[in-house]
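Written below as structure tokens is the structure these notes are about.
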Amino acid sequence: MLFVPGQRWVSNTESELGLGIVVEVMNRRVDISFPASGERRTYAVDNAPLNRVRYEVGQQVSTADEQSFTVSEVIEERHCLFYRGLNEQGETLTVPELELNSFVQFSKPQDRLFAGQIDKNRAFQLRCETLEHIRHQQLSAVRGLLGARVQLLPHQLYIASETANRFAPRVLLADEVGLGKTIEAGLVIHHQLMTGRASRVLIVVPDSLVHQWLVEMLRRFNLYFSIFDAQRCQALTESGADNPFEEAQLVLCSLSTFTEHQDLHQQAVAARWDLMVVDEAHHLAWSPEQVSPAYQCVEALAQTAQGLLLLTATPEQLGIESHFSRLRLLDPDRYYDVEKFIAEEQNYQPVNELVQKLMADSVAEHIAAPAFISQLTQYLGDSAVAHLQQELQGAEPQQAINHAIELLLDQHGTGRVLFRNTRSSVAGFPDRHLHTHPLTAPSEYTAQLAQAELSDSLRPETLLGDEQWLTIDPRVQWLSGWLRERRSHKVLVICARAETALDLELHLRLKEGVQSAVFHEGLSLVARDRAAAYFSDDEDGAQVLICSEIGSEGRNFQFAHHLVLFDLPLNPDLLEQRIGRLDRIGQRHDVQIHCPYYQGSAQETLLRWYHEGLNAFEKTCPAGNNIYQQVEAELLACLRGEATDQQLAQLLSHTQQISEQTLAALQQGRDRLVELNSFNEAKAERVVAAFIAEERRHELAKYMEQVFDLFGVDQEEHSALSTVIHPGDHMLCHNFPGLPEDGMTATYQRELALSREDIQFLTWEHPMVTGAMDMILGGELGNTALATIKLPPIKPGTLMLEAVFTVQCTAPPQLQLHRYLPLTTIRIVVDANNNDLSNILSAQRLAKLVAKVPKRVGQDLVRQTRKDILALIEQAETLATAQQQDIVASAQQNMLQQQTEETERLKALAQRNPNIRQEEIDFQLQATDMLSAALQQARIKLEAVRLLVAV
């Protein structure tokens with residue numbers, strides 16, 4: 001290679017530097033300056049990874065001062081080039097190569113090929129594989145749901161798939177406690193973000209749940225939400241932000257932030273939200289006479305947000321007016337009058353009876369009765385019933401009955417806006433057993449009770465003294481001995497205060513020799529992960545994990561089944577939350593709940609009220625907080641020792657009576673139509689089956705291994721099911737997507753990921769995987785290659801070209817054009833004799849035949865055969881264009897058919913079910929027109945080329 005100052009060269013290994021200028025050549029070294037990036041490199045003359053930049057006649061180039069011209073003549077003097085051509089004004093320019101624009105990069109495959117930037121064959125093949133993997137993902141029925149670190153629970157996946165596929169979903173998620181409303185909401189959020197239907201999401205929760213939501217969204221869905229409070233908003237405003245809520249796409253806020261700061265509430269309303277999520281929505285008080293400030297805040301936000309998810313564990317059973325207040329947040333035009341809503345709800349009873357008869361064992365008798373058919377016709381119409389009767393004569397009558405049930409559920413009731421599953425309808429929950437451990441209160445405790453606050457009497461360690469409580473508190477001695485007897489059992493201990501958890505863990509570990517870990521709100525997320533991982537390790541892990549109240553939120557430890565409640569919270573919801581850490585679907589043992597308490601103390605009174613009054617230990621109590629509010633005064637009096645034994649007995653009896661009445665009301669208020677619509681077992685199993693099929697773990701592991709190898713990311717086996725990934729010393733890029741500087745441990749196994757939250761769960765939708773795919777297709781890597789092939793029928797010296805095209809079509813993300821035209825590749829193989837060899841030389845066959853060519857030889861070959869290559873590319877484009885027309889025509893036909901069917905379905909439903917919003921139908925019609933217009937603009941794009949030479 002001859003280097004002369006003033007020449008322009010491009011780096012083969014760092015093409016992003018732009019065009020380089022030879023500055024100096026001496027002592028077998030050459031200095032190259034890259035003005036575009038402000039970098040300077042020194043290379044050895046004999047093996048510099050550089051290629052001479054030479055534009056050919058007809059190419060469009062630009063000067064350093066941004067003047068564009070078309071090259072008409074190339075002149076070489078003293079080994080430097082001068083370009084002559086006409087600019088846009090028709091003027092003749094003569095420009096030395098030194099004055100060319102340094103910011104030019106060769107991104108088109110043919111431009112890079114002619115510039116000598118030839119990639120390895122494995123990079124070319126990886127690019128083609130990436131295109132196919134993305135196409136597969138776009139066609140997946142469970143796209144947007146795969147990336148979640150969740151169990152494959154049918155009821156959750158069913159609700160998520162039913163809800164997330166709607167335009168701007170506005171629904172009430174009202175599953176009973178422990179069934180995973182947060183996970184369902186997270187799945188919907190993740191799906192909407194992945195599919196492009198949403199880009200800005202606002203989550204509004206009570207203050208106590210902010211951290212839990214942050215952890216759940218991050219650990220389960222890899223969604224990085226920003227917590228916005230008054231302090232952060234003020235800082236953003238001071239830094240120049242007009243509206244702080246427009247500075248982040250994913251925002252998590254406490255409800256009090258809006259109720260206490262009117263200006264922040266107005267700014268949040270002014271910001272555009274594609275989806276809004278509100279947790280604990282039953283706390284939003286509303287009545288026709290009075291509206292709470294919290295409800296007003298959420299109502300104003302709900303009116304501007306496109307989609308809305310309301311989460312509550314207590315739907316209409318605890319008051320039809322309260323239920324109506326939440327529905328009017330979802331659709332105020334549809335739910336505007338309480339009395340009309342109550343009357344409408346009563347009209348659903350006959351539909352419920354029809355469904356029950358269709359589900360009964362005696363369904364054949366019902367269908368044979370003319371009165372039943374007449375009633376069914378009233379709700380489904382003549383044509384639907386006639387079709388049903390015809391199908392009943394076929395080979396699968398049960399399938400026809402199931403279809404009739406689906407039509408009734410689809411066309412009647414509030415099922416489209418309300419999803420609720422109950423523990424009785426979802427199998428997999430363990431039984432719960434209470435074990436009480438009475439202890440004698442120490443004199444140091446009883447001596448201070450008269451002046452103590454109630455909170456202190458329920459947490460004796462606060463009265464026993466920071467220095468000595470561990471030595472005199474009988475609960476500590478009991479716990480130490482109890483743990484020694486159960487060395488092989490995992491035990492979760494929960495107490496109210498982080499200080500108590502820290503002291504207790506230190507004592508057990510140092511004084512009693514117990515393998516233990518601590519988990520509290522003061523720890524970082526990484527430290528919590530480590531503690532949870534240490535606890536989950538079966539072989540060398542901790543026997544006991546000691547958690548504080550808030551520190552245990554958002555974590556589930558169902559691999560353990562012993563729960564020690566070191567103290568009791570005064571809030572029934574907190575008690576259920578504690579037990580819920582172990583009482584989850586997937587728990588394989590009965591949950592054993594242990595309560596040490598001081599006899600004759602407030603602890604014993606509270607324990608008796610929970611157990612004898614609410615039965616809150618051995619059964620879930622969805623109305624616990626509501627009942628607590630009704631008896632709060634009497635309960636507090638008993639806890640303070642201000643009531644007699646008779647009054648305590650009356651309180652327990654009264655609480656038990658209220659509890660039974662409330663649970664009876666809950667059961668009576670159950671809407672079977674809603675429950676049936678919330679879980680279709682057949683559909684749910686199909687979703688789970690699709691989920692399992694689409695995970696393709698082995699394919700993903702193999703693909704990512706190739707990606708890591710090509711980009712220089714180091715990986716080593718951590719265990720049989722996990723791997724350690726960390727940045728290599730010679731990576732192709734400075735920052736690999738999603739890879740921390742200190743590396744990470746990852747697994748492709750869902751089962752391991754669920755038990756080890758400190759290990760990253762790599763799926764096709766993990767940010768590292770999607771980021772790597774975007775980096776490959778968004779960059780130049782692999783879009784050129786050169787290889788030789790040895791195939792007897794083909795004469796040596798024959799030049800061939802393998803060209804990979806994609807069909808490009810631009811449309812707004814919310815239209816989800818990929819449903820009809822996914823990322824489609826057109827692969828063409830042609831030779832110099834105009835032969836189409838695409839079918840003969842398949843990608844799989846070529847992969848076995850190709851051999852690499854030395855880079856310098858390849859660059860010389862490309863330079864000498866430039867005209868032949870251009871002719872081959874033109875030939876390939878002609879063949880690809882013909883295929884593209886057929887592909888687009890098929891997509892257009894498929895789109896019109898599906899969109900028309902869905903539009904007609906929504907219109908038919910709207911006539912019977914007012915829960916179908918007109919804006920859904922309008923969006924469907926508008927989307928059809930926009931999709932049709934977008935498909936008409938589809939074009940092909942050359943994605944990659946590989947030059948093949950027969951030998």
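Within the bounds of segment 703-715, is there any residue that is more than 23 Å from the chain's Cα centre (by Cα), under 25 Å from residue 852 (Cα atoms) and modelled with pLDDT under 90?
Looking through segment 703-715, none of the residues is more than 23 Å from the chain's Cα centre (by Cα), under 25 Å from residue 852 (Cα atoms) and modelled with pLDDT under 90.
Residue by residue through segment 497-534, note down the ones that are closer than 18 Å to residue 755 by Cα and of a type in the set (D, E, K, R). Steps first, answer last, please.
From segment 497-534, those closer than 18 Å to residue 755 by Cα are 516-519, 525-534; that's our starting set.
Correct list: 528, 529, 530.
I'm trying to understand the selection: among the residues of segment 864-888, which are in contact with a helix residue (DSSP H, G or I) (Cβ under 8 Å, 6 or more places away or on another chain) and either basic (Lys, Arg) or exposed (fewer than 13 other Cβ atoms within 10 Å of the Cβ) (or both)?
Scanning segment 864-888 gives a single hit, 866.
Go through 187, 179, 172 for me and flag whichever is part of a helix (DSSP H, G or I) and aliphatic (A, V, I, L, M).
Testing whether each residue is part of a helix (DSSP H, G or I) and aliphatic (A, V, I, L, M) leaves just 187.
Look through segment 93-125, keep the residues that are in contact with a Phe, Trp or Tyr (Cβ under 9 Å, 6 or more places away or on another chain) and of a type in the set (S, T, N, Q), and return whichever of them is farthest from residue 778 (Cα to Cα). Please lay out each step first, then the result.
As a first pass, look at segment 93-125 and keep what is in contact with a Phe, Trp or Tyr (Cβ under 9 Å, 6 or more places away or on another chain): 93-97, 100, 102, 106, 112-115, 117.
From what's left, of a type in the set (S, T, N, Q): 94, 102, 117.
Values: 94: 35, 102: 21, 117: 17 Å.
The extreme case among them is 94.
Can you tell me which residues in segment 251-271 are within 21 Å of residue 172 (Cα to Cα) and not in a helix (DSSP H, G or I)?
Within segment 251-271, 251, 252, 253, 254 qualify.
Go through segment 785-837 and give me each residue that's on the phi > 0 side of the Ramachandran plot and surrounded by fewer than 18 Cβ atoms within 10 Å (Cβ to Cβ).
Hits for segment 785-837 are 797, 834.
Of the conditions (1) under 30 Å from residue 288 (Cβ atoms); (2) outside the structural domain of residue 288 (by TED's automatic domain parsing), residue 370 fails just one. Which one is it?
With (1) under 30 Å from residue 288 (Cβ atoms); (2) outside the structural domain of residue 288 (by TED's automatic domain parsing) applied to residue 370, the lone miss is (1).
Given the condition more than 25 Å from residue 209 (Cα to Cα), surrounded by fewer than 23 Cβ atoms within 10 Å (Cβ to Cβ), more than 27 Å from the chain's Cα centre (by Cα) and not hydrophobic (A, V, I, L, M, F, W, C), answer yes or no: does some residue in segment 548-559 qualify?
no
Would you mind telling me which numbered condition in (1) surrounded by fewer than 21 Cβ atoms within 10 Å (Cβ to Cβ); (2) touching a residue at least 60 places away in the same chain (Cβ under 8 Å); (3) not β-branched (Val, Ile, Thr) residue 192 fails?
That leaves (1) as the condition not met.
Given 179, 187, 157, 153, which one is crowded, with 23+ Cβ neighbours inside 10 Å, under 22 Å from residue 576 (Cα atoms) and outside the structural domain of residue 818 (by TED's automatic domain parsing)?
The conditions single out 179.
Name the residue, out of 144, 116, that is at positive phi, buried (at least 21 other Cβ atoms within 10 Å of the Cβ) and at pLDDT 90 or above.
On the way: 116 fails: at pLDDT 90 or above.
Going through 144, 116 in turn, just one is at positive phi, buried (at least 21 other Cβ atoms within 10 Å of the Cβ) and at pLDDT 90 or above: 144.
Considering only residues of segment 34-61 that are free of Cβ contacts under 8 Å to residues at least 24 places away in the same chain, within 23 Å of residue 94 (Cβ to Cβ) and within 48 Å of the chain's Cα centre (by Cα), which is surrounded by the most Cβ atoms within 10 Å (Cβ to Cβ)?
Per the stated criteria, the residue is 59.
Hey, residue 530 hits all of (1) under 24 Å from residue 599 (Cα atoms); (2) touching a residue at least 40 places away in the same chain (Cβ under 8 Å) but one; which does it fall short on?
(1)
Only one of 246, 238, 260, 299 is surrounded by fewer than 22 Cβ atoms within 10 Å (Cβ to Cβ), acidic (Asp, Glu) and closer than 22 Å to residue 188 by Cβ. Can you tell me which?
Of 246, 238, 260, 299, the one residue that is surrounded by fewer than 22 Cβ atoms within 10 Å (Cβ to Cβ), acidic (Asp, Glu) and closer than 22 Å to residue 188 by Cβ is 299.
Give the residues of segment 729-759 that are in contact with a helix residue (DSSP H, G or I) (Cβ under 8 Å, 6 or more places away or on another chain), more than 14 Å from residue 697 (Cα to Cα) and not hydrophobic (A, V, I, L, M, F, W, C), sorted by residue number.
Selection gives 737, 738, 755, 756, 757, 758.
Suppose we filter 432, 459 for residues that are out of contact with any Ser or Thr (no Cβ under 6 Å at 6 or more places or on another chain), under 28 Å from residue 503 (Cα atoms), at pLDDT 85 or above and surrounded by 17 or more Cβ atoms within 10 Å (Cβ to Cβ); which single one remains?
On the way: 432 fails: under 28 Å from residue 503 (Cα atoms).
Only one candidate passes the filter, namely 459.
Would you confirm, using the coordinates I've provided, whether residue 569 is part of a loop (DSSP other than H, G, I, E, B), closer than 30 Å to residue 639 by Cβ and outside the structural domain of residue 155 (by TED's automatic domain parsing)?
Answer is yes for this residue.
Out of 443, 362, 424, 383, I need the residue that is within 30 Å of residue 498 (Cα to Cα) and either among the polar types (S, T, N, Q) or modelled with pLDDT of 80 or more (or both). Which one?
443
Mind checking whether some residue in segment 92-107 is among the polar types (S, T, N, Q), farther than 21 Å from residue 17 by Cα and buried (at least 20 other Cβ atoms within 10 Å of the Cβ)?
no
The values are calculated or read from the model by the stated rules, or taken from the named source; none is laboratory data. Keep in mind it's a predicted model, so treat the numbers as computed, not measured. Note that each Cβ is placed from the backbone with ideal geometry, even for glycine, and that neighbours are counted across all protein chains shown.
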